[in-house]
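Single-structure report; data block below.
Read the figures in this text as sums done on the coordinates, not as results from a lab. All values derive from a computational prediction rather than experimental measurement. All Cβ positions, glycine included, derive from the backbone under ideal geometry; neighbour counts span all protein chains shown.
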Amino acid sequence: MTASPSIPPVDFRSKLVNGILAIRPIATFAKNRARAMMIQRAEKLGVPWRQNVETLQRRDWRGELAAVENPALSYPSYYLTSFHAYDEGNLGWEPALEVESAAYSVHSTLFGEPNIEGDALLRESYHQILKFNIDLSPQKILDIGCSVGMSTEALKKTFPEAELTGVDLSPYFLAVAKYRTAAQGENFTWCHAPGEDTQLPAQSFDLVSCSLIFHELPQTAAIALFQEAKRLLKPGGYFAMMDMNPQAEVYKKMPPYILTLLKSTEPYLDQYFSLDVATELQWAGFEAPFIQENTPRHRTVIAKVQA
Ligand SMILES: C[S@@+](CC[C@H](N)C(=O)[O-])C[C@H]1O[C@@H](n2cnc3c(N)ncnc32)[C@H](O)[C@@H]1O
């Protein structure tokens, strides 16, 4: 089957915010403000953001980079843009060395008062739903958009018997993933490739998991990724994703100023929010997905390969 295009309905508020962000000095101000707020929140929580980064900066990363990088890879154009207030997007050392501290900061308020455990609880809430809703014990798991390996490690904790592979488009993130997880005695496989065209063998995984990647994808890439996940899964295997929940009240009621800050760091948010995930998954060859919110801001989507 070919995929059906989802048409993004753009409401008045989004149009207004997009118009404001088209003014470059305002966009730059918004990005810098968002970043400063994240660092401040992390350090208040006891995450020594700047100190962590300084320590990591002192390492020689050439070994890890050479081990994970695919020099022949050509990056999709949508990836070569600014994300999360970094001009270089995901393709640089600064984002790679900061992303773990950033995750603790961004997820700290998910379950009430700011708490450093927010990130771990977010992953746990996803995996609890996942474990409860699949009828197999996955032996081979693929973590697409694995970044520095935090989601890969969390999957391993949930499914200790499984063999883990992480895919990401950023060699810098993968280099840090290799270093971080090796330091914990793990030996995961890392693959530098687009999630929508991994070049990994067909029908070789029981579970394909995508944690917090879909909000970074334009709809064409998201739909291609569903198709790639279907190709990679064994019969009876599962696709699972956890990401922002477009239906969450918090996004519907978000004050325009905060929405402006958020959108200044997430270029494909409108496309993600208007993607009809359930329909596209079925077009890609999955059964109708099970969808459940796992935090006030996130949802888990689980779909089984059609029999
Ligand atoms: C917000 S991070 C999520 C990281 C991680 N899964 C987690 O839960 O902490 C999104 C990751 O997706 C990666 N990514 C974005 N587009 C991708 C694509 N088309 N293929 C593979 N990785 C991609 C980015 O490089 C980034 O590392």
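Worth a mention:
- Fewest-first ordering of Ser151, Ser137, Ser74 by other beta carbons within 10 Å of each residue's beta carbon gives Ser74, Ser137, Ser151.
- Set of segment 176-207 residues, backbone N closer than 18 Å to the point 7 Å along the Cα-Cβ line of Gln57: 176
- Estimated translational D of the chain in µm²/s (Stokes, Kirkwood radius over Cα pairs; 25 °C; 0.890 mPa s): 124 µm²/s
- Prolate/oblate/rounded label for segment 22-76 (Cα gyration tensor, a/c 1.5): oblate
- The modelled label-to-label distance for the pair Gln40/Glu69, using points 7 Å beyond Cα in the direction of Cβ, is 3.6 nm.
- Sites Tyr251 and Glu161, calculated FRET efficiency, Cβ-Cβ separation with R0 51 Å, nearest 0.05: 0.90
- Reachable lysines from Lys157, criterion Cα separation under 25 angstrom, eight or more residues apart if same chain: Lys131, Lys140, Lys178, Lys230, Lys234, Lys304
- Under 5 Å from the amide H of Lys140 lie the amide H atoms of Glu163, Asp206, Leu207, each residue being 5 or more positions distant or on a separate chain, with H modelled from the backbone and absent for Pro and chain starts.
- 3J(HN,Hα) from dihedral phi, segment 299-307, Karplus parametrisation 6.51/-1.76/1.60, rounded to Hz, x for glycine, proline: 10, 10, 10, 10, 9, 9, 4, 4, 5
- Sorted by Cβ density within 10 Å, fewest first, the residues Met254, Met242: Met254, Met242
- The peptide list 46-57, 175-186, put in order of mean Cβ contacts within 10 Å with the highest first, becomes 175-186, 46-57.
- Helix runs (DSSP H) in the chain reaching 30 Å along axis by Cα, Kyte-Doolittle at least -0.5: 24-45
- Shown for Glu196, Glu249: other C-beta atoms within 10 Å of each C-beta, ranked fewest to most, produce the order Glu249, Glu196.
- Antiparallel content of DSSP bridges confined to the chain, in %, to 5: 40 percent
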